[in-house]
Amino acid sequence: MQPFSHSQWTAINALGQQVDRVLNEARVGLTMGGEPTYVSARDRTSLQWRYDALGEDKRHLGGQLLERLQAKLGPTGSMRHQGLGKLYPGEAAPRWALGCFWRLDGVPLWQNAALLAKDGTTTPCDRSMAKTFMTELMTCLAIPRQAMIAAREPEDSDSATPAAWVLPLLTTLVAGQPVWQSCRWTGFDQGMTLLPGDLAAALRLPLDRLVETETWLTEACPLLESAPIRPEPVPPLAAADSIRLALVVEVRQGTVHVFLPPIAAARSYADVLTAIEATAEVLDQPVILEGYGPPDHQGIQGFKITPDPGVLEVNIHPAASWDELVHLHHSLDEAAIACGLSCEKYGLDGRLLGTGGGAHITIGGATPQQSPLLRRPDLLRSFLTYWQHHPSLSYVFAGQYIGPTSQSPRIDEARHDSLYELEMAFLALAPGKAVPPEVMDRLLSPLLQDVAGSTHRTALCIDKLYPIYNDRLQLGLLEFRGFEMPPHTGLRLLQMLLIRALVAQFWQHPYTQPLQRWGAELRDRWLLPHYLLQDLQAVLQELRVGGYEFKLSWFTPFLVRRFPQNGKLPLRQPPGGVLELRTALEPWPVIGDAGGSGTARPVDNSLERLQVFLTGVTPESLPEGTLTERYAVLCNGYRLPLRATGHPGSYVSAVRFRARSPVGFAATVTASHLAIAPQTPLHFQVIDVAQNQGLGDLIYHTQLPQVSAEVTLPQSPEEARSRLQERFVPLPIGPVPHSIPPVVVHPETPMTLDLRLVVQKSAK
């Protein structure tokens with residue numbers, strides 16, 4: 001499986017089987033889900049594949065992917081559904097969410113696939129079919145016809161055929177049994193007029209005009225006798241309450257659309273589907289199901305395809321074993337590629353990038369009550385501590401956007417007192433202690449937040465664990481958000497295997513070490529590939545000690561992609577001496593909400609950081625981390641703080657600089673340090689101070705300050721590689737400066753030359 005050789009994948013697969021055996025023997029009950037994201041393989045320039053959430057092509061490809069995935073992953077009797085996605089501030093309506101669902105007990109959720117209309121097709125019928133369909137459906141549900149209400153468009157006359165038909169509907173308990181309940185809405189005796197717009201009729205009901213209902217209908221019937229799903233109690237409804245939920249039938253683009261209201265119990269949801277299908281069968285009328293999907297963790301499972309800024313996101317259903325994960329994600333990528341989707345894109349400078357939408361991974365159990373995290377709260381403590389101890393787990397697999405204001409900040413990147421308070425909370429999460437789920441939420445939610453107080457934007461997110469403020473999100477899940485979408489299925493599975501092995505390790509040996517105080521090192525040392533590689537090696541070594549034989553070579557594709565080599569310059573002497581430039585990490589700070597209440601947060605991505613690695617030179621007797629004096633590397637005339645790596649003749653440093661002027665939306669708001677112009681190209685010189693001679697010169701070019709209409713994104717891997725190569729230009733060795741400047745660094749970043757700092761100091 002790409003990108004691994006046959007022998008590598010055989011070893012990875014064998015390790016996956018070994019971890020499964022450990023998890024099964026310990027009865028951990030682990031399930032894993034995820035949210036892979038994709039971009040168009042053909043269109044790399046339109047806004048829907050760069051910034052915008054919605055787009056016509058994205059919706060079309062989402063429909064294609066749904067059909068392919070249903071054929072590959074949906075069992076017989078699965079049901080396609082065009083549902084409601086998230087509603088964000090500044091957006092007029094909820095985003096769409098295409099779903100495929102099925103019953104876990106094997107009973108079909110929808111029997112006749114021909115009665116589900118395909119996306120983008122029509123089964124020509126006019127508005128009158130909406131009334132016919134609703135009338136027959138109410139007969140099937142044994143609800144009197146006087147409960148349904150005609151709904152007209154604002155421009156329609158009273159004589160026009162109604163655009164839709166509305167049925168107030170919910171389930172309640174009568175003598176301990178769930179039944180359908182409906183009523184007559186007052187104020188709509190002559191029908192209702194929909195709110196203006198082009199959204200579905202169900203999203204334009206004038207509910208603000210709804211007052212108390214007249215009387216409850218007593219003819220409510222028992223739910224249909226479908227095979228039982230896990231029973232869920234439905235709270236009784238007091239007679240003074242109003243039904244404010246409705247099922248709506250309308251005809252759009254020549255096809256009947258049935259909008260399902262929120263239904264709390266899976267049994268009730270399955271029953272209303274049975275009634276809808278029976279109606280479609282009688283009328284020989286295919287339908288599109290839309291509205292709200294089935295409730296979670298009640299015996300109905302499925303996946304959803306949703307739009308996100310620049311990407312298509314697939315919320316894939318959880319798998320309980322390694323073999324299921326392999327089949328699931330291989331099938332998913334195979335279907336996505338067949339639809340013309342891709343797992344990667346290119347930057348203007350030619351760098352290979354992920355989709356930009358992430359590939360979050362979730363762990364939990366078959367039900368919230370079976371979640372390993374709720375059964376063993378110390379497992380959550382172990383993960384939080386281990387991730388905080390190992391910055392490589394936060395940064396190696398992440399996308400470009402990292403740092404305190406990113407989509408997945410570490411717990412120690414925001415509040416300075418968070419570690420002290422977290423250690424206090426950990427006292428209640430000691431191994432062997434039973435902690436109620438709601439107590440876990442109250443202990444950790446105030447601490448696992450970003451700088452703005454969001455519990456969602458964190459590297460390890462618990463807002464679907466057991467939030468006391470939202471019953472629907474009490475799912476027993478931990479979400480790992482610091483994962484960018486890998487370009488190959490095998491790499492995503494390797495990430496999941498790493499987490500599965502850590503679950504197995506922590507289940508047997510909880511990780512209860514004190515938290516590390518990295519402080520400013522997170523902005524200096526831990527942004528360099530050299531040290532992140534060492535940290536990842538330490539993680540894999542600890543797993544090997546535990547009996548899980550991970551190989552560093554398996555992770556090479558991640559490292560090469562995350563930290564691309566920009567070029568290597570052979571030195572004049574000694575033989576084998578090399579200066580290497582490699583992309584390091586640079587956090588992107590949010591630069592305020594100057595644009596108002598939009599759906600995007602502007603960030604400053606105008607800075608870059610390079611790792612400078614000098615190797616193969618004459619060894620010095622210096623301990624690791626010592627500042628070397630024998631050699632000097634100058635960048636634009638300023639000396640880098642070379643640090644000994646512990647390997648003879650090998651030194652590392654970093655240079656941070658403004659690579660470009662802010663572009664796009666960021667250019668219209670206040671960016672950081674706008675007075676500092678781009679500091680490119682970068683001129684590097686390697687000097688043997690002892691011999692007073694130059695050893696090598698080069699120029700490094702970055703992205704152009706402005707993106708003109710003529711500069712487009714690379715359209716092929718070959719074009720991308722060509723752009724990367726053009727940025728690194730060796731030069732003839734120039735003269736040695738008359739005096740080698742001293743190292744000027746900030747005490748908080750002793751390994752990094754910040755050109756913004758030294759240039760401003762020199763100007764004074």
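Points worth noting:
- Subset of segment 23-50 (residues that are outside any helix (DSSP H, G or I), within 30 Å of Gln505 (Cα to Cα) and out of contact with any helix residue (DSSP H, G or I) (no Cβ under 9 Å at 6 or more places or on another chain)): Arg27, Gly33, Glu35, Thr37
- Residue check, Pro391 at pLDDT 90 or above, over 30 Å from Gly490 (Cβ atoms) and either within 21 Å of the chain's Cα centre (by Cα) or surrounded by fewer than 20 Cβ atoms within 10 Å (Cβ to Cβ) (or both): no
- Of the listed requirements (1) surrounded by fewer than 23 Cβ atoms within 10 Å (Cβ to Cβ); (2) at pLDDT 95 or above, Ala280 misses just one: (1).
- Restricting attention to segment 496-534, the residues that are within 25 Å of Gly364 (Cα to Cα) and surrounded by 16 or more Cβ atoms within 10 Å (Cβ to Cβ) add up to 15.
Rundown of residues vs (1) modelled with pLDDT of 95 or more; (2) more than 23 Å from the chain's Cα centre (by Cα), yes/no style:
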position: Leu15; (1), (2): yes, yes
position: Gly29; (1), (2): yes, yes
position: Trp49; (1), (2): no, no
position: Asp52; (1), (2): no, no
position: Leu65; (1), (2): yes, no
position: Arg68; (1), (2): yes, no
position: Pro75; (1), (2): no, yes
position: Ser78; (1), (2): yes, yes
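- Residue, most open to solvent (accessible area, probe 1.4 Å), within segment 291-312, restricted to residues that are touching a strand residue (DSSP E or B) at 6+ places or on another chain (Cβ under 9 Å) and of a type in the set (D, E, K, R): Lys304
- When segment 120-147 is filtered for residues that are open to solvent by less than 50 Å² (accessible area, probe 1.4 Å) and either in a loop (DSSP other than H, G, I, E, B) or polar (S, T, N, Q) (or both), the ones remaining, listed by number, are Thr123, Cys125, Thr135, Ala142, Ile143, Pro144.
- Some residue of segment 209-224 being surrounded by fewer than 16 Cβ atoms within 10 Å (Cβ to Cβ), at pLDDT below 65 and touching a helix residue (DSSP H, G or I) at 6+ places or on another chain (Cβ under 9 Å): yes
- Applying the criterion of being of a type outside the set (Asp, Glu) and open to solvent by 60 Å² or more (accessible area, probe 1.4 Å) to the residues of segment 535-553, the residue that is nearest to Leu614 (Cα to Cα) is Gln537.
- Any chance Ile288 is crowded, with 20+ Cβ neighbours inside 10 Å, touching a Ser or Thr at 6+ places or on another chain (Cβ under 7 Å) and modelled with pLDDT of 95 or more: yes
- Check on Leu84, within 17 Å of Asp271 (Cα to Cα) and either open to solvent by 50 Å² or more (accessible area, probe 1.4 Å) or under 20 Å from the mean Cα position of the chain (by Cα) (or both): no
- Each residue in segment 258-273 was checked for being open to solvent by 10 Å² or more (accessible area, probe 1.4 Å) and outside any loop (DSSP other than H, G, I, E, B), and 2 pass.
- Scanning segment 543-572 for residues that are over 15 Å from Gln2 (Cβ atoms), without any contact (Cβ under 8 Å) to a residue 40 or more places away in the chain and either of a type in the set (Ser, Thr, Tyr) or part of a helix (DSSP H, G or I) (or both) returns Arg544, Val545, Leu552.
- Test: Arg376 is modelled with pLDDT under 90, farther than 25 Å from Glu344 by Cα and of a type in the set (Lys, Arg): no
- Checked against (1) of a type outside the set (Ser, Thr, Tyr); (2) open to solvent by less than 40 Å² (accessible area, probe 1.4 Å); (3) more than 23 Å from Pro404 (Cα to Cα), Gly482 meets all criteria but (3).
- With respect to the conditions (1) crowded, with 21+ Cβ neighbours inside 10 Å; (2) of a type in the set (Ser, Thr, Tyr); (3) more than 22 Å from Ala366 (Cβ to Cβ), Thr31 lacks only one, and its number is (3).
- The residues listed here are Ala97, Ala93, Ala71, Ala53; of these, the one that is of a type in the set (A, V, I, L, M, F, W, C), part of a helix (DSSP H, G or I) and either surrounded by fewer than 20 Cβ atoms within 10 Å (Cβ to Cβ) or touching a residue at least 12 places away in the same chain (Cβ under 8 Å) (or both) is Ala71.
- Here segment 152-167 is the region considered, the condition is being of a type in the set (Gly, Ala, Ser) and closer than 15 Å to Asp126 by Cα, and the residue that is farthest from the chain's Cα centre (by Cα) is Ala160.
- Selection within segment 100-115 - basic (Lys, Arg) and either assigned to a helix (DSSP H, G or I) or surrounded by fewer than 23 Cβ atoms within 10 Å (Cβ to Cβ) (or both): none
- Annotation for segment 610-630: at least one member residue is open to solvent by 50 Å² or more (accessible area, probe 1.4 Å), without any contact (Cβ under 8 Å) to a residue 12 or more places away in the chain and in a loop (DSSP other than H, G, I, E, B).
- Filter result (in a loop (DSSP other than H, G, I, E, B), surrounded by fewer than 21 Cβ atoms within 10 Å (Cβ to Cβ) and of a type outside the set (D, E, K, R)) within segment 409-446: Ala414, His416, Ala430, Pro431, Gly432, Ala434, Val435, Pro436, Ser445, Pro446
- Every condition in (1) buried (at least 23 other Cβ atoms within 10 Å of the Cβ); (2) under 20 Å from the mean Cα position of the chain (by Cα) is met by Leu373 except one, and the failing one is (2).
- Just one of (1) assigned to a loop (DSSP other than H, G, I, E, B); (2) polar (S, T, N, Q); (3) touching a residue at least 40 places away in the same chain (Cβ under 8 Å); (4) surrounded by fewer than 21 Cβ atoms within 10 Å (Cβ to Cβ) fails for Thr455. It is (3).
- Residue match in segment 549-557 (condition: touching a Cys at 6+ places or on another chain (Cβ under 8 Å) and at pLDDT 95 or above): no
The values are calculated or read from the model by the stated rules, or taken from the named source; none is laboratory data. Everything numeric in this text was worked out from a predicted model, so none of it was measured. All Cβ positions, even for glycine, are placed from backbone atoms using ideal geometry, and neighbour counts span all protein chains on display. Accessible surface is based on the protein model in full, side chains and every heavy atom, while ligands, DNA and RNA are left aside. Shrake-Rupley method; radii C 1.70, N 1.55, O 1.52, S 1.80 Å.
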